[in-house]
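Peer 1: Next up is a structure, given as structure tokens.
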Amino acid sequence: MSATVRQALATAASTVDGVDVSPYFRQTTKPGSGMVRYDRTAYPQGTNFGGLITWQVVIFLPQDQATAEKFLDEKAPLVVAALASHMRITDVITQQLALESGTVPIALIQGNREEEN
């Protein structure tokens, strides 16, 4: 894992108007804000290179379902395009994130890249 990679992903996602991603967790649920999360490192059998790291860019969505879907329709393709040169995008997933104050809708833009040695 790398602070440099986190910063690059956050900076790339934040180039999209209305999206503001931090390289690490921050206490906010404002729609359009987000953070970079490390998910896992896989070490495929039969290879002698490093691991394959899965990263997630988490973006908070509006609470209203229709508004959240419209936000995602507009922003997801732009964020995916902005991140494409930094990782291989594998998924865009919507979920509910459980926080102490309740659940909030989020989009996870997930992808992977080779581990840096």
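Readers should treat all values here as calculations from the given coordinates under stated rules, not as data from a laboratory. Bear in mind that the values here come from a model prediction, so they are computed numbers and not experimental data. Cβ coordinates were reconstructed from backbone atoms using ideal geometry, including for glycine residues, and neighbour counts include every protein chain displayed.
Peer 1: So for the chain, averaging the separation of alpha carbon pairs under 8 Å that are six or more residues apart and normalising by length, what relative contact order in percent results?
Peer 2: About 26 percent, as a whole number.
Peer 1: Once Lys and Arg get +1 and Asp and Glu get -1 on their Cβ, which of LEU61, MET35, THR4 lies farthest toward the positive end of the dipole of the chain?
Peer 2: Working it through, the farthest residue towards the positive pole turns out to be THR4.
Peer 1: Averaging the inverse of every distinct alpha carbon separation and then flipping it gives the Kirkwood radius. What is it for the chain, in angstrom units?
Peer 2: 14.5
Peer 1: Using a cut-off of 14 Å between beta-carbons, work out the net charge of the residues near ALA66 (Lys and Arg +1, Asp and Glu -1, ALA66 not included).
Peer 2: Taking every Cβ under 14 Å from that of ALA66, the sum is -3.
Peer 1: If you wrap a convex hull around the C-alpha atoms of region 35-76 and split its volume per residue, what is the figure in Å³?
Peer 2: 100
Peer 1: Compute the angle between helix 3-13 and the longest alpha-carbon principal axis of the chain, please, reported from 0 to 90 degrees and rounded to the nearest 10.
Peer 2: 40
Peer 1: Taking amide H positions as placed 1.01 Å from N in the peptide plane, with prolines and chain starts having none, which residues 5 or more places from GLU115, or on another chain, fall under 5 Å of its amide H?
Peer 2: Residues meeting the criterion, in which the H sits 1.01 Å from N, are GLY51, LEU52, ILE53.
Peer 1: Amide H of LEU97 versus every other amide H placed in the peptide plane: which residues, excluding those fewer than 5 positions away on the same chain, fall under 5 Å?
Peer 2: Counting only residues 5 or more places away or on other chains, the set is VAL104, ILE106.
Peer 1: Apply the Karplus curve 6.51 cos²θ - 1.76 cosθ + 1.60, θ = phi - 60°, to the phi angles in region 98-109 and return the couplings in whole Hz, x for Gly and Pro.
Peer 2: Each residue's phi maps through the Karplus curve to give 7, 10, 4, 7, x, 9, 10, x, 9, 10, 9, 9 Hz.
Peer 1: How large is the dipole of region 57-117 about the Cα centre if only Lys and Arg carry +1 and Asp and Glu carry -1, each at its Cβ, rounded to the nearest 20 debye?
Peer 2: 120
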